[in-house]
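Structure record follows, encoded as structure tokens.
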Amino acid sequence: MNASAASLTPPSLTPTTVAMVTLGCARNEVDSEELAGRLEAGGFRLVEDPADAETVVVNTCGFVEAAKKDSVDTLLAAADLKGTDGAPSTTKAVVAVGCLAERYGAELATSLPEADAVLGFDDYPDIAGRLRSILAGEQQHPHTPQDRRKLLPISPTARVDAPAYQPGHGDRRRLDSGPMAPLKLASGCDRRCTFCAIPAFRGSFVSRRPSDVLAEARWLAGEGARELFLVSENSTSYGKDLGDLRLLETMLPELAAVEGVDRVRVSYLQPAETRSGLVTAIATTPGVADYFDLSFQHASNPVLRRMRRFGDSESFLGLLEQARSQAPQAGARSNFIVGFPGETEHDLEVLCDFLTDARLDAIGIFGYSDEDGTEAEKFEDKLDEDEIRERVEHVTALAEELTSQRAEERIGEQVVVLVESLEEGDAEGRAAHQGPEVDGSTTIEGVSAGVRVGDMITARVVASEGVDLVARVEEGR
């Protein structure tokens with residue numbers, strides 16, 4: 001993809017250093033690597049430590065309040081590197097990009113003068129030129145946020161080859177040498193969940209062409225990736241704008257067959273759109289992880305309808321049973337919003353009963369908070385903050401107990417672990433049911449001296465610690 005980008009540097013440009021700081025989800029990681037590729041091709045030299053960079057580019061997250069605060073704090077910390085009172089400093093400029101920058105634009109620039117520029121997604125294609133003008137002291141006008149859904153036709157099939165820019169669909173330069181790499185299937189979302197602002201600033205759903213996805217998979221394998229983590233805002237919609245809603249089912253075997261790839265993992269499935277054929281493809285395709293990242297958000301039908309989502313406890317349990325009937329050891333995870341406007345004590349009980357019956361491997365619990373520009377922001381029957389906090393604490397405690405029990409159930413199972421680190425004779429990594437960063441890990445005790453990061457090791461689970469597992473390689477293997 002962009003492995004030779006440095007050789008394309010125009011000789012007339014003076015090399016300058018830049019550091020990418022990435023916050024938020026795996027989709028942002030892909031976007032950062034595209035920016036890195038564009039910057040390297042534009043004559044910039046990438047460095048890992050922001051303190052060593054003339055320009056620090058912070059790829060922000062704007063999903064929930066905590067993520068926004070983390071983004072602002074990171075920008076302020078980067079700005080501190082510029083020094084004060086004339087003290088010498090390598091860092092000359094701090095630039096905000098990503099979701100928070102796209103969502104708030106000039107408003108963010110006004111409230112955060114410490115950042116030298118706030119750039120939107122449409123600045124990405126010429127990111128090198130933008131950074132050079134910033135370093136030259138030229139005044140930057142922050143972009144004006146807009147509803148990016150209006151940049152594309154309403155009909156998904158009319159979006160093919162539409163001119164609107166899609167972050168993360170271009171050539172990349174890897175910033176992480178680890179054995180797992182995210183691979184973007186699509187950008188944007190067509191759903192209208194009442195609590196979510198993402199479609200407004202990420203835009204309508206746009207699939208990448210299979211040929212581009214497969215080409216990037218081969219490039220990532222050549223760069224050392226052994227697990228491909230397929231990411232998007234809604235992977236179950238992949239292909240609908242290309243005229244084939246079952247495109248993911250047919251592409252999974254091709255991705256798993258890429259030389260050097262040992263495992264393919266699908267993320268972010270919308271339960272209401274998760275068709276039987278996709279469940280079967282994930283559960284039975286060799287090389288595809290038996291892993292179901294299902295965005296349930298709640299289990300009570302009245303709450304889900306107010307969220308403008310579909311389903312209930314019974315249908316969700318049926319979906320999990322369908323997956324486990326074909327892959328008994330399948331992993332399943334989900335996130336849930338507690339304290340949504342209008343949520344009753346009975347709704348909360350329905351959710352807790354569902355969590356008990358669902359036997360999920362990983363559970364994320366979030367307390368409801370208003371998001372700018374969403375429909376739920378205008379709902380009147382909101383719970384007070386203390387009540388939301390109490391409910392979050394209650395459900396979180398239950399979730400921790402249930403996921404610990406689920407991990408205990410896996411004692412005795414045989415797992416295949418992708419080794420991500422080695423320390424004092426032990427290997428740590430993730431089994432098929434454990435997604436990157438958020439689902440726990442597996443430690444394999446006493447591995448042989450020849451084991452390397454990136455190896456896939458078969459072992460048997462002998463203990464659990466919370467959601468984490470401990471395993472050992474069986475004699476003779």
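Can you find, within segment 32-62, the residue that is nearest to Asp80 (Cα to Cα) among those that are in a loop (DSSP other than H, G, I, E, B) and within 22 Å of the chain's Cα centre (by Cα)?
Glu48
Please go through segment 148-184 and pick out each residue that is out of contact with any strand residue (DSSP E or B) (no Cβ under 7 Å at 6 or more places or on another chain) and assigned to a helix (DSSP H, G or I).
Arg148, Arg149, Lys150, Leu151, Pro156, Thr157, Ala158
Tell me which of these Glu259 doesn't satisfy, since it passes every other one: (1) part of a loop (DSSP other than H, G, I, E, B); (2) closer than 18 Å to Asn234 by Cβ.
Single failed check for Glu259: (2).
How many residues does segment 52-81 contain that are touching a residue at least 40 places away in the same chain (Cβ under 8 Å) and surrounded by 14 or more Cβ atoms within 10 Å (Cβ to Cβ)?
Qualifying residue count for the region: 15.
Give me the pairs: first residue in segment 457-477 and free of Cβ contacts under 8 Å to residues at least 24 places away in the same chain and closer than 16 Å to Arg406 by Cβ, second residue hydroxyl-bearing (Ser, Thr, Tyr) and open to solvent by 60 Å² or more (accessible area, probe 1.4 Å), beta-carbon distance under 7 Å, and six or more apart or on different chains, which are they?
none
Regarding Ser187, is this residue farther than 30 Å from Pro341 by Cα and either open to solvent by 20 Å² or more (accessible area, probe 1.4 Å) or touching a residue at least 24 places away in the same chain (Cβ under 8 Å) (or both)?
In short, no.
Out of segment 207-242, which residues are polar (S, T, N, Q) and part of a helix (DSSP H, G or I)?
Ser211, Ser235, Thr236, Ser237
Among the numbered criteria (1) surrounded by fewer than 21 Cβ atoms within 10 Å (Cβ to Cβ); (2) assigned to a helix (DSSP H, G or I), which single criterion is violated by Gly454?
Of everything listed in (1) surrounded by fewer than 21 Cβ atoms within 10 Å (Cβ to Cβ); (2) assigned to a helix (DSSP H, G or I), Gly454 misses just condition (2).
Residue check: is Glu408 open to solvent by 60 Å² or more (accessible area, probe 1.4 Å) and over 29 Å from Ser177 (Cβ atoms)?
yes
Confirm whether Arg246 is over 21 Å from the mean Cα position of the chain (by Cα) and free of Cβ contacts under 8 Å to residues at least 40 places away in the same chain.
The answer is yes for Arg246.
For Ala289, state whether it is closer than 24 Å to Val415 by Cβ, of a type in the set (A, V, I, L, M) and in contact (Cβ under 8 Å) with a residue 60 or more places away in the chain.
The answer is yes for Ala289.
Restricting the search to segment 385-415, which residues are over 22 Å from Leu294 (Cα atoms) and part of a strand (DSSP E or B)?
Passing the criteria: only Gln414.
For every residue, the table says whether it meets (1) at pLDDT below 95; (2) of a type in the set (S, T, N, Q); (3) within 18 Å of the chain's Cα centre (by Cα).
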position	(1), (2), (3)
Ala106	yes, no, no
Leu131	no, no, no
Gln139	yes, yes, no
His143	yes, no, no
Ile154	yes, no, no
Gly168	yes, no, yes
Met180	no, no, yes
Cys193	no, no, no
Ala197	yes, no, yes
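For segment 205-216, check the following and say yes or no: at least one residue is hydroxyl-bearing (Ser, Thr, Tyr) and without any contact (Cβ under 8 Å) to a residue 24 or more places away in the chain.
Yes - at least one qualifying residue is present in segment 205-216.
If only one of Gly429, Gly364, Gly440 is in a loop (DSSP other than H, G, I, E, B), closer than 27 Å to Ala323 by Cβ, of a type outside the set (A, V, I, L, M) and open to solvent by less than 50 Å² (accessible area, probe 1.4 Å), which one is it?
Of the residues listed, the single one that is in a loop (DSSP other than H, G, I, E, B), closer than 27 Å to Ala323 by Cβ, of a type outside the set (A, V, I, L, M) and open to solvent by less than 50 Å² (accessible area, probe 1.4 Å) is Gly440.
If you go through segment 374-389 one residue at a time, do you hit one that is farther than 20 Å from Lys68 by Cβ, at pLDDT 95 or above, among the β-branched types (Val, Ile, Thr) and open to solvent by less than 50 Å² (accessible area, probe 1.4 Å)?
No.
What's the total number of residues in segment 243-256 that are assigned to a loop (DSSP other than H, G, I, E, B) and charged (D, E, K, R)?
2
Within segment 241-251, identify whether any single residue is under 17 Å from Phe316 (Cβ atoms) and among the basic types (Lys, Arg), and answer yes or no.
No, that holds for no residue.
For Tyr291, only one of the following conditions fails: (1) open to solvent by 10 Å² or more (accessible area, probe 1.4 Å); (2) aromatic (Phe, Trp, Tyr); (3) on the phi < 0 side of the Ramachandran plot. What is its number?
The number of the failed condition is (1).
The values are calculated or read from the model by the stated rules, or taken from the named source; none is laboratory data. Computed from a predicted model, the values in this text were never measured in an experiment. Cβ atoms come from the backbone with ideal geometry, glycine included; neighbour counts cover every protein chain shown. Only protein heavy atoms, including side chains, enter the accessible area calculation; ligands, DNA and RNA are left aside. Shrake-Rupley method; radii C 1.70, N 1.55, O 1.52, S 1.80 Å.
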